[in-house]
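Asks: Let me begin by handing over the structure; questions about it come next.
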Amino acid sequence: MNLWLLLLSNALVVVCQTDPFVLSGDGNTETEATPLPEELDEDHVEDFDFSDPTDGPQTTAYRQTTKYPPTKTYDAHTETATRGPNGGDDDDDDDDDDMEHETTTKYPPTKTYVTETETPTPAYTSPEDDDEEETPPTTGPYIETPSTTPEISIKPKYCWTPWFDRDDPSGKGDYETIYHLRKENPGKICDKPHGMQVQTISGLPASSTGNSFYKNDLTTGFICRNRDQKNGRCLDYKVRFWCPCVPECWTQWFDVDDPTGTGDWETLTFLRLHYPGKICKRPLEIEAQTTAGVPAAATGQNFYRIDTDVGLICRNHEQKIHRQCFDYRVRFRCPYEFCYPQPCWTRWFDRDDPSGSGDWETLFALRAEFPGQICNSPLEIQVLTTSGNSVASTGNVITASNTAVGFICENKNQKKWKKCADFKVRFRCPDAFCSDDICWTSWYDRDDPSGTGDWELLTDLRKENPNQICDTPLYIDVRTVDSNQPITQTGQQHHIYSPTEGFACRNDAQKGCRCQDYKVRFGCPCNCTVHLEDPLQIYGP
């Protein structure tokens with residue numbers, strides 16, 4: 001009998017040593033042990049789920065970070081706040097620098113790998129007392145975990161937009177609607193914000209003001225109506241939105257030199273010659289590493305220059321070991337617009353009001369009053385009332401609203417003797433029209449007003465100055481010859497004033513029956529092959 005007990009005891013010991021299951025807290029249910037990933041170090045502890053497996057079906061989550069380049073990571077500034085459909089009011093009074101980033105790249109974004117058992121829990125959990133990571137709003141999750149088979153889910157980085165304050169309560173109230181904010185700030189607000197914050201312009205959270213709000217959500221935005229307030233007036237509010245962070249803009253890696261001569265010279269001058277148009281005019285940051293991928297700062301070598309003004313210069317004679325620089329490559333961080341160009345819109349124009357026959361914002365009239373400020377072939381027209389409301393909201397009958405004519409609203413076409421609203425317009429142009437890389441031609445003065453007037457037409461100027469003026473000038477600048485005074489300040493009437501036609505002044509249209517003597521020059525893209533002189537200067541009315 002004792003022998004049988006001894007054999008049974010040994011068998012139990014073997015089972016306990018080899019069985020891959022452990023008993024749960026109640027001593028009855030068997031639950032497979034959750035392995036800790038090998039890469040779980042102190043930087044990844046917060047990404048692992050340490051909850052008790054007896055609390056229900058669990059998700060084992062861990063993060064694998066892929067960095068591009070290997071030497072940089074990308075994180076948003078930190079903030080802890082509570083946000084949601086009630087305005088996301090919090091006690092955060094930080095300055096508006098949440099859009100800045102501590103480090104550089106984010107290609108590709110951090111990925112969260114989720115392995116499930118039954119009902120998964122989100123791979124992101126908000127730290128309650130963590131001031132080092134931004135807490136996501138409660139209006140939407142960071143990611144959605146899969147419900148059936150394991151797959152990769154992307155956890156995007158989120159940031160706050162700038163504060164917006166488009167309205168004040170001087171009229172019916174304070175209307176900070178998403179529709180109007182997007183219209184007035186194109187590209188600044190994402191399509192589907194995950195949160196919204198509302199404060200007074202002095203920084204007081206909306207929930208602390210005592211005002212009643214007509215709308216305060218991610219569909220409409222924020223509306224405070226004066227008639228809903230006890231004292232009859234809203235405070236002045238500002239709003240901002242929780243959106244995916246704007247990706248940073250890095251150039252490709254450049255390596256035009258090696259250290260076989262006096263050193264390694266990766267200067268902006270040489271790089272721009274070898275790679276025209278590939279580097280922005282004013283880089284924000286430079287990153288340098290050896291061609292093997294070792295950061296320049298880790299090499300121990302001395303650098304004569306390494307900055308965004310010059311680029312990188314490593315001179316062989318300044319090195320201690322072997323008196324030889326390594327072979328380096330560089331890249332530059334540029335403004336967001338360099339990698340992701342924004343649509344090219346003109347400014348808003350409002351040349352007319354409906355006090356006469358209506359509101360006539362025609363391209364013909366606008367070009368006459370604002371020469372050079374509207375492209376030859378607009379791609380799109382946008383129209384709002386001068387107070388920022390849509391055309392549809394006015395109920396006006398519109399005669400024309402297109403890129404061929406412009407905008408026309410006639411009073412005679414309105415119902416019940418109503419007049420047109422006062423409208424403003426702007427136009428979207430080809431990207432080249434908004435380019436900063438504009439250079440000016442030489443000054444030309446081919447005519448004087450001794451005959452019928454002063455005729456400085458582009459066709460004549462091209463004949464007399466072959467290959468000196470680009471095919472499609474974007475701007476024209478006209479001044480008097482004697483005093484260098486812009487045409488817009490002389491009080492004289494111009495017959496033609498266009499970058500694609502030139503300039504003409506007729507004597508019979510002037511009060512003194514004689515034009516002054518004028519000179520002209522044209523603004524062209526700097527990459528054209530004609531003779532160009534000065535940096536861009538625009539002289540408007």
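The values are calculated or read from the model by the stated rules, or taken from the named source; none is laboratory data. The structure displayed is predicted, hence computed values, not measured ones. Using ideal geometry, Cβ is built from the backbone for each residue, glycine included, and neighbour counts are taken over all protein chains shown.
Asks: For the stretch 365-381, indicate whether the set of residues that are loosely packed, with under 14 Cβ neighbours inside 10 Å and without any contact (Cβ under 8 Å) to a residue 40 or more places away in the chain is non-empty.
Replies: no
Asks: Exactly one condition in (1) at pLDDT 95 or above; (2) in contact with a helix residue (DSSP H, G or I) (Cβ under 8 Å, 6 or more places away or on another chain) is not met by P283; state its number.
Replies: Status for P283: all satisfied but (1).
Asks: Shifting gears a bit: Kindly provide the set of residues from the stretch 200-216 that are crowded, with 20+ Cβ neighbours inside 10 Å and within 26 Å of the chain's Cα centre (by Cα), ordered by number.
Replies: N216
Asks: Only one residue in L268, L204, L273 is under 30 Å from I438 (Cβ atoms) and out of contact with any strand residue (DSSP E or B) (no Cβ under 7 Å at 6 or more places or on another chain), so which one is that?
Replies: So the residue among L268, L204, L273 that is under 30 Å from I438 (Cβ atoms) and out of contact with any strand residue (DSSP E or B) (no Cβ under 7 Å at 6 or more places or on another chain) is L273.
Yes or no, residue by residue, for (1) in a loop (DSSP other than H, G, I, E, B); (2) on the phi > 0 side of the Ramachandran plot; (3) surrounded by fewer than 16 Cβ atoms within 10 Å (Cβ to Cβ); (4) touching a residue at least 24 places away in the same chain (Cβ under 8 Å):
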site	(1), (2), (3), (4)
P162	yes, no, yes, yes
D168	yes, no, yes, yes
L181	no, no, no, yes
G187	yes, yes, yes, yes
D191	yes, no, yes, no
H194	yes, no, no, yes
V198	no, no, no, yes
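Asks: Counting only residues that are touching a Leu at 6+ places or on another chain (Cβ under 7 Å) and surrounded by 19 or more Cβ atoms within 10 Å (Cβ to Cβ), how many does the stretch 287-313 have?
Replies: Residues flagged as touching a Leu at 6+ places or on another chain (Cβ under 7 Å) and surrounded by 19 or more Cβ atoms within 10 Å (Cβ to Cβ) within the stretch 287-313 amount to 3.
Asks: Among the listed residues R479, R462, R446, identify the single one that is farther than 25 Å from L379 by Cβ and either assigned to a loop (DSSP other than H, G, I, E, B) or small (G, A, S) (or both).
Replies: So the residue among R479, R462, R446 that is farther than 25 Å from L379 by Cβ and either assigned to a loop (DSSP other than H, G, I, E, B) or small (G, A, S) (or both) is R446.
Asks: Checking Q414 against (1) within 30 Å of I487 (Cα to Cα); (2) surrounded by 15 or more Cβ atoms within 10 Å (Cβ to Cβ); (3) at pLDDT 90 or above, which single condition isn't satisfied?
Replies: So Q414 meets the others, but not (1).
Asks: Please pick out the residue among E266, E248 that is assigned by TED's automatic domain parsing to the domain that holds H322 and either closer than 30 Å to D327 by Cβ or not charged (D, E, K, R) (or both).
Replies: Exactly one residue qualifies, and that residue is E266.
Asks: Are any residues in the stretch 411-443 assigned to a helix (DSSP H, G or I) and either at negative phi or not assigned by TED's automatic domain parsing to the domain that holds G388 (or both), and if so, which ones?
Replies: Hits for the stretch 411-443 are N411, K412, N413, K415, D431, A432, F433, C434.
Asks: Only one of G277, G261 is on the phi > 0 side of the Ramachandran plot and either β-branched (V, I, T) or not assigned by TED's automatic domain parsing to the domain that holds C420 (or both); which?
Replies: G277
Asks: Could you tell me which residue of the stretch 449-479 is nearest to T490 (Cα to Cα), considering only residues that are among the charged types (D, E, K, R) and over 34 Å from the mean Cα position of the chain (by Cα)?
Replies: So, considering only residues that are among the charged types (D, E, K, R) and over 34 Å from the mean Cα position of the chain (by Cα), the one nearest to T490 (Cα to Cα) is R479.
Asks: Right, another one. Of all residues in the stretch 307-345, which are touching a strand residue (DSSP E or B) at 6+ places or on another chain (Cβ under 9 Å), outside any strand (DSSP E or B) and over 22 Å from G293 (Cβ atoms)?
Replies: Within the stretch 307-345, V310, H317, E318, P335, Y336, E337, F338, C339, Y340, P343 meet the criteria.
Asks: Right, T362: more than 24 Å from L181 (Cβ to Cβ), surrounded by fewer than 18 Cβ atoms within 10 Å (Cβ to Cβ) and among the polar types (S, T, N, Q) or not?
Replies: yes
Asks: Which members of the stretch 468-486 meet the condition of being out of contact with any Lys or Arg (no Cβ under 7 Å at 6 or more places or on another chain), within 21 Å of I374 (Cβ to Cβ) and not acidic (D, E)?
Replies: Residues satisfying the conditions are C470, T472, P473, L474, Y475, I476, V478.
Asks: Further question on the same structure: Filtering the stretch 314-352 down to residues that are crowded, with 18+ Cβ neighbours inside 10 Å and hydroxyl-bearing (S, T, Y), which residue is farthest from D264 (Cα to Cα)?
Replies: T346
Asks: If you check C470, C513, which single one turns out to be in a loop (DSSP other than H, G, I, E, B) and in contact (Cβ under 8 Å) with a residue 24 or more places away in the chain?
Replies: Numbers: C513 fails: in contact (Cβ under 8 Å) with a residue 24 or more places away in the chain.
From the options C470, C513, the qualifying one is C470.
Asks: I would also like to ask the following. Is it the case that L474 is touching a strand residue (DSSP E or B) at 6+ places or on another chain (Cβ under 7 Å), modelled with pLDDT under 90 and closer than 25 Å to T362 by Cβ?
Replies: yes
Asks: Could you list all residues from the stretch 482-496 that are surrounded by 21 or more Cβ atoms within 10 Å (Cβ to Cβ) and outside any loop (DSSP other than H, G, I, E, B)?
Replies: Across the stretch 482-496, the qualifying residue is only I487.
Asks: A further question on this structure: So, in the stretch 200-211, how many residues would count as being of a type in the set (A, V, I, L, M) and free of Cβ contacts under 8 Å to residues at least 60 places away in the same chain? Break it down into steps so the answer makes sense when it comes.
Replies: Just the residues of the stretch 200-211 that are of a type in the set (A, V, I, L, M), to begin with: 201, 204, 206.
Now drop any that are not free of Cβ contacts under 8 Å to residues at least 60 places away in the same chain, which leaves 201, 204.
Final tally of qualifying residues: 2.
Asks: Looking at (1) farther than 15 Å from L235 by Cα; (2) modelled with pLDDT of 90 or more; (3) not basic (K, R), which one does G173 not meet, given that it meets all the others?
Replies: (1)
Asks: Tell me the residue from T459, T452, T403, T441 that is of a type in the set (S, T, Y) and closer than 30 Å to D352 by Cα, please.
Replies: Values: T459 fails: closer than 30 Å to D352 by Cα; T452 fails: closer than 30 Å to D352 by Cα; T441 fails: closer than 30 Å to D352 by Cα.
Being of a type in the set (S, T, Y) and closer than 30 Å to D352 by Cα holds for just one of T459, T452, T403, T441, which is T403.
Asks: Looking only at the stretch 442-458, which residues are touching a strand residue (DSSP E or B) at 6+ places or on another chain (Cβ under 9 Å) and farther than 17 Å from C470 by Cα?
Replies: Going through the stretch 442-458, the residues touching a strand residue (DSSP E or B) at 6+ places or on another chain (Cβ under 9 Å) turn out to be 442-449, 452-458.
Of everything in the stretch 442-458, those that are touching a strand residue (DSSP E or B) at 6+ places or on another chain (Cβ under 9 Å) and farther than 17 Å from C470 by Cα turn out to be D445, R446, D447, D448, P449, T452, G453, D454, W455.
Asks: Can you find a residue in the stretch 499-517 that is at pLDDT below 90 and closer than 30 Å to E337 by Cα?
Replies: Yes, that holds for at least one residue.
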